[in-house]
Amino acid sequence: MSDAQVGLVMATPLIVIFAVMLYRMGVLRPTGTITAVTMSVVIAAVLFLTQ
C-alpha cells in the first residue's frame, strides 16, 4: 500500500467516529450524520482504488 492509501485507511474511521460523536452530542441531525459517514466512505473508497 502507498502512503496515501495508509492515510485513507487511518483517516476515514476517525471521520466516521467524529460524525457519530457529534450526533450523540446533538450537534448533527441523523440525516447529516448519515450523509457525512456515507460520503466519507465513498470518497475514501474511490481515492483508495484509484491510487
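The values are calculated or read from the model by the stated rules, or taken from the named source; none is laboratory data. Since the model is a prediction, treat every value here as computed from it, not as a measurement. Virtual Cβ from ideal backbone geometry, glycine too; neighbours counted across all protein chains shown. Note: accessible area is taken over every heavy atom of the protein model, side chains too, but ligands, DNA and RNA are not part of it. Shrake-Rupley method; radii C 1.70, N 1.55, O 1.52, S 1.80 Å.
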How much mean residue ellipticity at 222 nm does the chain get from its helices, if each DSSP H run of length 4 or more adds -39500 (n - 2.57) and you divide by all residues, to the nearest 500 deg cm²/dmol?
-29500 deg cm²/dmol
Could you order Phe48, Phe18 so the one with the most accessible surface comes first? Probe is 1.4 Å.
Phe18, Phe48
Note the angle between two axes, namely the Cα long axis of helix 3-24 and the longest principal axis of the Cα atoms of the chain, as a number of degrees from 0 to 90, rounded to the nearest 10.
10 degrees
Once the Cβ-Cβ distance between Leu49 and Arg29 is put in as r, and R0 is 35 Å, what FRET efficiency do you end up with, to the nearest 0.05?
0.70
By how many degrees, between 0 and 90 and to the nearest 10, does the Cα long axis of helix 30-50 differ from the longest principal axis of the chain?
0 degrees
Solvent exposure ordering (accessible area, 1.4 Å, most first) of Ser40, Ser2:
Ser2, Ser40
Met1 accessible area, nearest 10 Å², 1.4 Å probe?
150 Å²
Percentage relative contact order, the chain, counting C-alpha pairs under 8 Å, at least six apart
52 percent
So, how do all the Cα-to-Cα distances of the chain break down into 10 Å bins, in percent, from 0 on up?
28, 45, 21, 5
